[in-house]
Amino acid sequence: METEFVERIRIKENVDHPSHYLKNSGHEVIDVIEAWNLNFSLGNAIKYIARAGKKNPEKHNEDLEKAIWYIQRAIQLNKSNESNR
């Protein structure tokens, strides 16, 4: 019975706060995104930068390329909004 309880806690922890979410650094990405009031694109860029290679070390560069993609998207949206004023 206790083993089942411990397993449920471990599963919940993996859903709510996986190790690659940087909880142990004192800064979870979602907390930073919300504190800085970032939009979707910039939030995702921060997420990919902060977690680059943490979940899968072989995808470190891919994670950084995803961050660049989201930053470029944020720039395009800003330019589009500026031209529509």
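None of the figures in this text is laboratory data; all of them are computed from the coordinates on show. All figures in this text were calculated on a predicted structure; none of them were measured in a lab. Heads up, the Cβs are rebuilt from the backbone with ideal geometry, glycines too, and the neighbour counts pull from every protein chain shown.
Pop the C-beta distance of Thr3 and Val32 into the FRET formula with R0 = 41 Å and round what comes out to the nearest 0.05.
Values: r = 35 Å, r/R0 = 0.87.
Efficiency, rounded to the nearest 0.05: 0.70.
When the chain is fully extended, how far beyond the present Cα-Cα distance does Arg85 get from Trp69, taking 0.36 nm per residue of separation? Could the numbers behind the result be given before it?
Working: separation 16, 0.36 × 16 = 5.76 nm, distance 2.48 nm.
Stretched fully, the Arg85-Trp69 segment lengthens by 3.3 nm.
Testing the spin-label approximation: label points 7 Å from Cα along Cα→Cβ at Lys54 and Gln76. State their distance in nm.
2.7 nm
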